[in-house]
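Notes to accompany the following structure.
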Amino acid sequence: MMATTHALVGLALVAPIAVVAPDVAAPLAAGAIVGGIAPDLDLLFTHRRTFHFPVLGAGPAAAAMIGATIVSTPAAVGLAAFLTVAWVHAVTDVVGGGAGFDPWTNPIDRAVFDHWHGQWIRPRRWIRYDGAPEDAALGALLAIPALVVFDGPVRPLVALGLLFSVGYALVRRRLPSWIDE
Ligand SMILES: [Zn+2]
């Protein structure tokens, strides 16, 4: 799934909490957006391994969530949103395609690395590859709660993210050939 889809999953997850606790809506949104995107920065290292923790990420996320319910400061809430959404990102990468860049000519049977068991988890391919039409469609659907609940800079950010998603999905299958040239 695209990093933008992950960020929108995060915003949809924290949206109900922002409804109940509007005073921490800003740190919730910021933590969710950064937590949704950050794991994919490991494109620079070993993608879906270096910053993806589908199993080990659960512990810190749970601890931060408990912490944020006890001390509901903006920093604690933002950290909890960040760790939880980053963990959910790693888990949901399992339902996408393999970690390869060109899944049509070179399908890879590695979705995301499980550091606990020291092995790769196999891709389920419900979303066939990052930037697939269903990936962009899922993002558009998930944007609805974010657009309804959040205001301020979140709305233009969501619109920008959607624009990027659709644009990326439109050119996704041509990207490998452009980069090879
Ligand atoms: Zn990822």
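Taking the stretch 74-118 on its own, how many of its residues are within 11 Å of the ligand (Cβ to nearest atom) and under 23 Å from Ala25 (Cα atoms)? So the answer is 3. The residues in the stretch 132-152 that are within 21 Å of His89 (Cβ to Cβ) and open to solvent by 30 Å² or more (accessible area, probe 1.4 Å) can be counted, and the count is 11. Scanning the stretch 163-181 for residues that are under 30 Å from Val19 (Cα atoms) and open to solvent by 40 Å² or more (accessible area, probe 1.4 Å) returns Leu163, Phe164, Val166. Gly161 satisfies every condition listed in (1) out of contact with any Leu (no Cβ under 7 Å at 6 or more places or on another chain); (2) at negative phi except (1). Taken over the stretch 149-179, residues that are touching a helix residue (DSSP H, G or I) at 6+ places or on another chain (Cβ under 7 Å) and hydroxyl-bearing (Ser, Thr, Tyr) amount to 1.
Within the stretch 96-119, the set of residues being free of Cβ contacts under 8 Å to residues at least 40 places away in the same chain and either open to solvent by less than 80 Å² (accessible area, probe 1.4 Å) or not charged (D, E, K, R) (or both) comprises Gly97, Gly98, Gly100, Pro103, Asn106, Pro107, Ile108, Gly118, Gln119.
Looking across the stretch 36-57, just one residue is under 14 Å from Met2 (Cα atoms), among the charged types (D, E, K, R) and open to solvent by 20 Å² or more (accessible area, probe 1.4 Å), and that is Asp40. Output the residue which, of all residues in the stretch 127-181 that are assigned to a loop (DSSP other than H, G, I, E, B) and more than 17 Å from the chain's Cα centre (by Cα), is nearest to Leu8 (Cα to Cα). The selected residue is Phe150.
Only one of the listed residues (Ile17, Ile70, Ile33) is open to solvent by 80 Å² or more (accessible area, probe 1.4 Å), β-branched (Val, Ile, Thr) and within 24 Å of Ala146 (Cβ to Cβ). That residue is Ile17. Among the candidates Phe51, Phe45, the residue that is free of Cβ contacts under 8 Å to residues at least 12 places away in the same chain and within 16 Å of the ligand (Cβ to nearest atom) is uniquely Phe45. Out of Arg173, Arg155, Arg124, one residue alone is more than 23 Å from Pro107 (Cα to Cα) and basic (Lys, Arg). It is Arg155.
The values are calculated or read from the model by the stated rules, or taken from the named source; none is laboratory data. Keep in mind that this is a model prediction, so the values were computed, not measured. Cβ: placed from backbone, ideal geometry, glycine included. Neighbour counts: every protein chain shown. Accessible surface is based on the protein model in full, side chains and every heavy atom, while ligands, DNA and RNA are left aside. Shrake-Rupley method; radii C 1.70, N 1.55, O 1.52, S 1.80 Å.
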